[in-house]
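What follows is a single structure, written as structure tokens, with notes after it.
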Amino acid sequence: MRCAAVLRGKEEKMKKREIGNSGIEASVISLGTWAMGGDEQWGAVDDDSSLKAIFEAVDRGINLIDTAPAYGFGHSEELVGKVLKEFPREKLVIETKCGVWWKTDEGTPIVTRDGKTIRRNLSRKAMLTEVDDSLRRLGVDHIDIYVTHQQPMEPFMVEIGEIMDTLKELKKAGKIRAIGISNASREQFDEYRGFGQIDLIQERFSMLDDKKMKGLFPVCREDKITTQAYSPLEQGLLTGKIRMDYQVEPGNVRNKIPWFAPEKRRPVLDMLDSWTDLCEKYDCNTVNLVIAWSVNAGDTMNVICGGRKPAHVADYIKGGELTLAAEDILKMNRDIAKVTGGSL
């Protein structure tokens, strides 16, 4: 593939923060590999381009790679595993997940795609199977951050205390180093915390959709829990590159995002276009600026940025390196509040 010892020698300026209380130091920007998995939601993938994007990210200072078994039914993890062979294990922080299950009929159905019914299943049996499958696909003996991907829902319920018992068992066995949760209600989040140490909570967060995560900031700051954002660019809308003539294809994940509706899209694009002066001030593009805002949204923030091309990675890198002035963040917040109808 390539020699890991020969890196490009680019100076790493990427900021790093500890993940919770785990002792794991991670770049504030994480590389998301959802789209690299390929399935009905994303269409055909180019593995060569995906691998180049991951290498570019690592060479430029991103050391946290986020993946999951559900991304391409294991394909994303296998790609990350190929990259792991090229670097010393301690150079990379690997985050993967459990709880999205398609191997049996056990669990609460989520969706059927690619001929498989995907279910919520955080039973001990499923989790023990999943962690070993992930370790095999990744080609490693431990996972740095293990995240419950989807939370239990009727009719197949698992008590959170039981889930935490399994996670602590995996941690004691050395198979995982830190525990994270995703897509949890506030009640579920508090219940998890009551059963043991949580180092990370991963939730949807962007300047257009920030209410849930902002409500978690105070307790996460107090308990030193990393807040990890996914979809900070709203599936590309906040890049400014998707204009009014873009048509969302049936079945595309963007159909689930209300901001892609024409009447909502126009004000968003006008807002982004109005930030030209800020882009000039920081010598950056719109993507850089939006990512920088996201990283600066909270002092426990880690931002997942996804993509399948090295060019995408370059945009994320600069966003993770920028430090925005307080008055510029305030201006952006005011503009965002006008579009979303929210408060500062």
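In this structure, is D277 touching a Leu at 6+ places or on another chain (Cβ under 9 Å), over 16 Å from L208 (Cα atoms) and acidic (D, E)?
Numbers: touching a Leu at 6+ places or on another chain (Cβ under 9 Å): no; over 16 Å from L208 (Cα atoms): yes; acidic (D, E): yes.
The answer is no for D277.
Mind listing whichever residues of region 111-123 are surrounded by 15 or more Cβ atoms within 10 Å (Cβ to Cβ) and farther than 23 Å from Q228 by Cα? Show your work before the answer.
Keep residues of region 111-123 that are surrounded by 15 or more Cβ atoms within 10 Å (Cβ to Cβ), which gives 118-123.
Residues satisfying the conditions are I118, R119, S123.
For region 68-91, give me each residue that is assigned to a helix (DSSP H, G or I) and among the aliphatic types (A, V, I, L, M).
From region 68-91, those assigned to a helix (DSSP H, G or I) are 75-84, 89-91; that's our starting set.
Correct list: L79, V80, V83, L84.
Each residue in region 92-134 was checked for being modelled with pLDDT under 95, farther than 17 Å from P152 by Cα and not in a loop (DSSP other than H, G, I, E, B), and 3 pass.
Yes/no matrix, rows are residues, columns are (1) assigned to a loop (DSSP other than H, G, I, E, B); (2) small (G, A, S); (3) in contact (Cβ under 8 Å) with a residue 40 or more places away in the chain; (4) surrounded by fewer than 17 Cβ atoms within 10 Å (Cβ to Cβ):
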{"residue": "D144", "(1), (2), (3), (4)": "no, no, yes, no"}
{"residue": "Q151", "(1), (2), (3), (4)": "yes, no, yes, no"}
{"residue": "G161", "(1), (2), (3), (4)": "no, yes, no, yes"}
{"residue": "A178", "(1), (2), (3), (4)": "no, yes, yes, no"}
{"residue": "D190", "(1), (2), (3), (4)": "no, no, no, yes"}
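Taken over region 192-209, the residue count meeting the criterion of being buried (at least 19 other Cβ atoms within 10 Å of the Cβ) and either outside any strand (DSSP E or B) or more than 16 Å from the chain's Cα centre (by Cα) (or both) is 6. G174 passes every criterion in (1) assigned to a helix (DSSP H, G or I); (2) without any contact (Cβ under 8 Å) to a residue 60 or more places away in the chain; (3) open to solvent by 10 Å² or more (accessible area, probe 1.4 Å) apart from (1). Entry remark, region 80-110: residues being of a type in the set (G, A, S) and crowded, with 23+ Cβ neighbours inside 10 Å number 2 in total.
Considering only residues that are assigned to a loop (DSSP other than H, G, I, E, B), more than 19 Å from I291 (Cβ to Cβ), at pLDDT below 95 and out of contact with any Asp or Glu (no Cβ under 6 Å at 6 or more places or on another chain), which ones fall in region 12-57? Result: G38, Q41, W42, G43, A44, V45, D46. Scan region 296-314 and give yes if some residue there is modelled with pLDDT of 95 or more, over 24 Å from M244 (Cα atoms) and open to solvent by 30 Å² or more (accessible area, probe 1.4 Å), otherwise no. For region 296-314, residues modelled with pLDDT of 95 or more, over 24 Å from M244 (Cα atoms) and open to solvent by 30 Å² or more (accessible area, probe 1.4 Å): absent.
Scanning region 228-284 for residues that are open to solvent by 80 Å² or more (accessible area, probe 1.4 Å), assigned to a helix (DSSP H, G or I) and at pLDDT below 90 gives N255, K256.
E77 - would you say it is open to solvent by 60 Å² or more (accessible area, probe 1.4 Å) and under 26 Å from T166 (Cα atoms)?
On the way: open to solvent by 60 Å² or more (accessible area, probe 1.4 Å): no; under 26 Å from T166 (Cα atoms): yes.
So E77 does not fit the description; no.
The values are calculated or read from the model by the stated rules, or taken from the named source; none is laboratory data. Keep in mind it's a predicted model, so treat the numbers as computed, not measured. Ideal geometry is used to build each Cβ from the backbone, glycine not excepted, and the neighbour counts take in all protein chains shown. Surface accessibility is based on the protein's heavy atoms, side chains included, excluding ligands, DNA and RNA. Shrake-Rupley method; radii C 1.70, N 1.55, O 1.52, S 1.80 Å.
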